[in-house]
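Q: Can you read through this structure? Questions will come right after.
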Amino acid sequence: MSEMDEAQGRRWRLVLGAAAEGGLGAGLKAADDVAMDRALGALYDADAQGRSGGRRSGGLGGSAPSVARWLGDIRNYFPSTVVEVLQRDAVDRLNLTELLLEPELLEAVEPDVHLVGTLLSLNHVMPETTKATARMVVEKVVREIERRIAAQTVAAVGGALNRAARVSRPKLRDIDWDRTIRKNLANYLPEHKTVVPERLVGYGRKAQAVRRDVVLAIDQSGSMASSVVYASVFGAVLATMRSLKTSLVVFDTAVVDLTDKLSDPVEVLFGTQLGGGTDINRAIAYSQSLITRPADSMFVLISDLYEGGVRAEMLRRIRSMKEAGVQVVVLLALSDEGAPAYDRENAAALTALGVPAFACTPDRFPDLLAVALDRGDVQAWANVNAGRSA
């Protein structure tokens, strides 16, 4: 067998487990390979062990020490991106949620957005001995997200706000030449092949004035965990910009205004309670009460649109906001998790109202904000850059 065939056989053996060993014709030889196989088997052979007496003695056991040892093994043999997937699968497949309430175990995990979502869902049952460690885990993930998105968000949103604050007597360096030419096309002189710019259009530069009001309404049902994490961090970043007035509310069947916590996104997250029902109509009603300048306001609803409240009223409120001049954006998810589950009937109804509903990744969200704040075509942007819904 060639070296290439051996390498492929090794990979397939690790993927398929011991049951495939006979068909592949060879077992694992290297000690590291055996250790990796044992770590994978403890997780992915556990169900088979319970149902049909599989060959491996799979499972992580019922104690924090055995789980901590397993966490150490996977961090030793796999890259961090794979570790995050293995941890997530361990929580889902082996019901390790209760063990995450032990500080010794939390110290051993690789922090990621999914783990933060799990910890937030346990917030109200978490013992005091664990809360400090959980807060450190959440803060590490939040700071990493902030580092990743803050500069891009400020640059994109700041540029959109500057373009929106156009003046009629700009300085030379502030002239928006593209819009100036468009405004003066009627003054084209064919003999000179030029446009006479009788009216100049420029970018405003008054950074201190509040130019836009932004209201973020976040569905905190369990399926929206990653979106809650990302949206909270974005809300905190937007709150640092003086040219924006940012409000943030989270909702299930009740609505909680967390605007006063936006200076610290970790505090925002610990103010949420993942899980429970959903009353989107109630959240929109509260958000409407925060909007005093419709023509200068943007409302961002982040929800899978599974409405437990009054659907007709929800759609009526969205229509009313849009007709009043509010820029309305509906995101089915704000995460890296791929195509979300959502209520297709409600998404189609919103699209019929001229409010497209789609999923967006965190890396794309700053550009979306810029387009929306600049009163651009959100539908066209979604067609090119985001996951379409309806």
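Q: Among all residue pairs at least 6 apart or on different chains, which show Cβ distances below 9 Å where the first residue, located in the range 277-296, is in contact (Cβ under 8 Å) with a residue 60 or more places away in the chain and the second is open to solvent by 30 Å² or more (accessible area, probe 1.4 Å) and polar (S, T, N, Q)?
A: Leu290/Thr259
Q: Give me the pairs, please: first residue somewhere in the range 77-88 and buried (at least 16 other Cβ atoms within 10 Å of the Cβ), second residue anywhere and modelled with pLDDT under 80 and in a helix (DSSP H, G or I), beta-carbon distance under 6 Å, and either six or more positions apart or on two chains.
A: Val83/Arg75
Q: When you look at Leu238, is it of a type in the set (A, V, I, L, M), surrounded by 19 or more Cβ atoms within 10 Å (Cβ to Cβ) and at pLDDT below 75, yes or no? Before the answer, list the steps.
A: Details: of a type in the set (A, V, I, L, M): yes; surrounded by 19 or more Cβ atoms within 10 Å (Cβ to Cβ): yes; at pLDDT below 75: no.
In short, no.
Q: Inspect the range 192-212 for any residue being at pLDDT 80 or above, within 31 Å of the chain's Cα centre (by Cα), crowded, with 17+ Cβ neighbours inside 10 Å and in a loop (DSSP other than H, G, I, E, B) and give the result as yes or no.
A: Within the range 192-212 (the criterion being at pLDDT 80 or above, within 31 Å of the chain's Cα centre (by Cα), crowded, with 17+ Cβ neighbours inside 10 Å and in a loop (DSSP other than H, G, I, E, B)), the answer is yes, since at least one residue qualifies.
Q: If you go through the range 373-389 one residue at a time, how many are more than 19 Å from Leu244 (Cβ to Cβ) and surrounded by 19 or more Cβ atoms within 10 Å (Cβ to Cβ)? Show your work before the answer.
A: Restricting attention to the range 373-389, the residues satisfying the condition of being more than 19 Å from Leu244 (Cβ to Cβ) are 377, 379-389.
With the extra rule that they be surrounded by 19 or more Cβ atoms within 10 Å (Cβ to Cβ), the set shrinks to 381-382, 386, 389.
So the answer is 4.
Q: Now a separate question. Quick one: count up the residues across the range 298-319 that are more than 23 Å from Ser226 (Cβ to Cβ), in contact with a helix residue (DSSP H, G or I) (Cβ under 8 Å, 6 or more places away or on another chain) and surrounded by fewer than 22 Cβ atoms within 10 Å (Cβ to Cβ). First the steps, then the outcome.
A: Looking only at the range 298-319, we keep the residues that are more than 23 Å from Ser226 (Cβ to Cβ), and these are 309-319.
So of that shortlist, the ones also in contact with a helix residue (DSSP H, G or I) (Cβ under 8 Å, 6 or more places away or on another chain) come out as 309-311, 313-315, 317-318.
Filter once more, so that each one left must be surrounded by fewer than 22 Cβ atoms within 10 Å (Cβ to Cβ): 309-311, 313, 315, 317.
Residues meeting the conditions: 6.
Q: Working only within the range 300-343, note down all residues that are over 19 Å from Gln379 (Cβ atoms), among the polar types (S, T, N, Q) and under 14 Å from the mean Cα position of the chain (by Cα).
A: Residue satisfying the conditions is Ser335 alone.
Q: What number of residues in the range 109-134 are surrounded by fewer than 16 Cβ atoms within 10 Å (Cβ to Cβ) and in contact (Cβ under 8 Å) with a residue 60 or more places away in the chain?
A: Within the range 109-134, residues that are surrounded by fewer than 16 Cβ atoms within 10 Å (Cβ to Cβ) and in contact (Cβ under 8 Å) with a residue 60 or more places away in the chain number 1.
Q: So is Leu94 at pLDDT below 80, more than 16 Å from the chain's Cα centre (by Cα) and surrounded by 19 or more Cβ atoms within 10 Å (Cβ to Cβ) or not?
A: Working: at pLDDT below 80: yes; more than 16 Å from the chain's Cα centre (by Cα): yes; surrounded by 19 or more Cβ atoms within 10 Å (Cβ to Cβ): yes.
For Leu94, the condition - at pLDDT below 80, more than 16 Å from the chain's Cα centre (by Cα) and surrounded by 19 or more Cβ atoms within 10 Å (Cβ to Cβ) - is met.
Q: Moving on. Kindly indicate whether Ile181 is touching a strand residue (DSSP E or B) at 6+ places or on another chain (Cβ under 8 Å), open to solvent by 60 Å² or more (accessible area, probe 1.4 Å), at pLDDT 80 or above and of a type in the set (A, V, I, L, M).
A: On the way: touching a strand residue (DSSP E or B) at 6+ places or on another chain (Cβ under 8 Å): yes; open to solvent by 60 Å² or more (accessible area, probe 1.4 Å): yes; at pLDDT 80 or above: yes; of a type in the set (A, V, I, L, M): yes.
Judged against the criteria, Ile181 is a match.
Residue by residue, here is whether (1) modelled with pLDDT under 95; (2) within 29 Å of Val85 (Cβ to Cβ) holds:
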{"residue": "Ile291", "(1), (2)": "no, no"}
{"residue": "Ile302", "(1), (2)": "no, yes"}
{"residue": "Lys322", "(1), (2)": "no, no"}
{"residue": "Ala347", "(1), (2)": "no, yes"}
{"residue": "Pro356", "(1), (2)": "yes, no"}
{"residue": "Arg375", "(1), (2)": "yes, no"}
{"residue": "Gly387", "(1), (2)": "yes, yes"}
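Q: Report, ordered by the first and then the second residue, all pairs with beta carbons closer than 6 Å, sequence separation of six or more or different chains, a first member in the range 146-162 that is within 18 Å of Ala231 (Cβ to Cβ), and a second member that is in a helix (DSSP H, G or I) and of a type outside the set (Gly, Ala, Ser).
A: Glu146/Val233; Ala150/Val237; Gln152/Pro366; Thr153/Val237; Thr153/Pro366; Ala156/Pro366; Ala156/Asp367; Val157/Leu369
Q: Return the only residue of Ala339, Ala370 being open to solvent by 40 Å² or more (accessible area, probe 1.4 Å) and among the hydrophobic types (A, V, I, L, M, F, W, C).
A: Exactly one of Ala339, Ala370 is open to solvent by 40 Å² or more (accessible area, probe 1.4 Å) and among the hydrophobic types (A, V, I, L, M, F, W, C), namely Ala339.
Q: Here are some residues: Phe234, Phe251. Which one is aromatic (Phe, Trp, Tyr) and within 12 Å of the chain's Cα centre (by Cα)? If you could, list the steps in order and put the result at the bottom.
A: Working: Phe251 fails: within 12 Å of the chain's Cα centre (by Cα).
That would be Phe234, the only listed residue that is aromatic (Phe, Trp, Tyr) and within 12 Å of the chain's Cα centre (by Cα).
Q: Given the conditions (1) of a type outside the set (Lys, Arg); (2) touching a residue at least 60 places away in the same chain (Cβ under 8 Å); (3) under 21 Å from Thr153 (Cβ atoms); (4) surrounded by fewer than 20 Cβ atoms within 10 Å (Cβ to Cβ), and given that Asp264 satisfies all but one, which numbered condition is not satisfied?
A: (2)
Q: For Ser247, state whether it is under 30 Å from Glu307 (Cβ atoms) and open to solvent by 30 Å² or more (accessible area, probe 1.4 Å). Before you say what the answer is, go through the steps one by one.
A: Values: under 30 Å from Glu307 (Cβ atoms): yes; open to solvent by 30 Å² or more (accessible area, probe 1.4 Å): no.
No, not satisfied.
Q: Output the residues belonging to the range 280-289 that are open to solvent by 40 Å² or more (accessible area, probe 1.4 Å) and over 30 Å from Ala134 (Cβ atoms). Reasoning before the result, please.
A: We begin by selecting, within the range 280-289, every residue open to solvent by 40 Å² or more (accessible area, probe 1.4 Å); these are 282, 286, 288-289.
If the condition is that a residue be open to solvent by 40 Å² or more (accessible area, probe 1.4 Å) and over 30 Å from Ala134 (Cβ atoms), then Gln288, Ser289 are the ones that fit.
Q: Which condition from (1) more than 23 Å from Ala254 (Cβ to Cβ); (2) surrounded by fewer than 21 Cβ atoms within 10 Å (Cβ to Cβ); (3) within 23 Å of the chain's Cα centre (by Cα) is the one that Gly277 breaks?
A: Result: Gly277 passes all but (1).
This table checks each residue for (1) of a type in the set (A, V, I, L, M); (2) modelled with pLDDT of 60 or more.
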{"position": "Gly41", "(1), (2)": "no, yes"}
{"position": "Asp47", "(1), (2)": "no, no"}
{"position": "Arg55", "(1), (2)": "no, no"}
{"position": "Leu106", "(1), (2)": "yes, yes"}
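The values are calculated or read from the model by the stated rules, or taken from the named source; none is laboratory data. Every value quoted in this text rests on a predicted model; they were computed, and no experiment measured them. FYI the Cβ positions are ideal-geometry reconstructions off the backbone, even for glycines, and counts take in every protein chain you see. Protein only, heavy atoms only, side chains kept; ligands, DNA and RNA dropped before computing areas. Shrake-Rupley method; radii C 1.70, N 1.55, O 1.52, S 1.80 Å.
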